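Trainee: Following this message is one structure expressed as structure tokens.
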């Protein structure tokens, strides 16, 4: 991948954000993730956590954060598309999909 020259815009990977009502921060989506960071976010008492897909060669990242105004809601943002099939099926995933609100305007 070459360097970005002055005046050129970096091509962004597609981003998808989901709001899910959940007691746990990490939702079982069938993929394996490795946490690589966490930071405090302005005007939010909950930190934002950063994850990468563990499958070799897959560059998908996700961010997970709770909403301050509604602590029961977890916002999960995926960046990129997986380059491999789902690693394991999960019974929880259909339940998660039914309560998600999807946003793609990033």
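Trainee: Yes or no: region 72-93 includes at least one residue that is at pLDDT below 90 and in a strand (DSSP E or B).
Mentor: No; the residues of region 72-93 include none that is at pLDDT below 90 and in a strand (DSSP E or B).
Trainee: Same structure again: Out of the residues in region 13-42 meeting the condition of being out of contact with any helix residue (DSSP H, G or I) (no Cβ under 9 Å at 6 or more places or on another chain) and over 15 Å from residue 62 (Cβ atoms), tell me which one is modelled with the highest pLDDT.
Mentor: Here the residue is 40.
Trainee: Give the residues of region 51-80 that are free of Cβ contacts under 8 Å to residues at least 60 places away in the same chain, in contact with a strand residue (DSSP E or B) (Cβ under 6 Å, 6 or more places away or on another chain) and farther than 19 Å from residue 40 by Cα, sorted by residue number. Working first, answer last.
Mentor: Within region 51-80, the subset free of Cβ contacts under 8 Å to residues at least 60 places away in the same chain is 51-76.
After this cut, where a residue has to be in contact with a strand residue (DSSP E or B) (Cβ under 6 Å, 6 or more places away or on another chain) as well, the list is 51-52, 54, 60-68, 72-76.
Result: 54, 60.
The values are calculated or read from the model by the stated rules, or taken from the named source; none is laboratory data. What you are looking at is a predicted structure, and each value in this text was computed from that prediction instead of being measured. Note: ideal-geometry Cβ built from the backbone for every residue, glycine included; neighbour counts use all protein chains shown.
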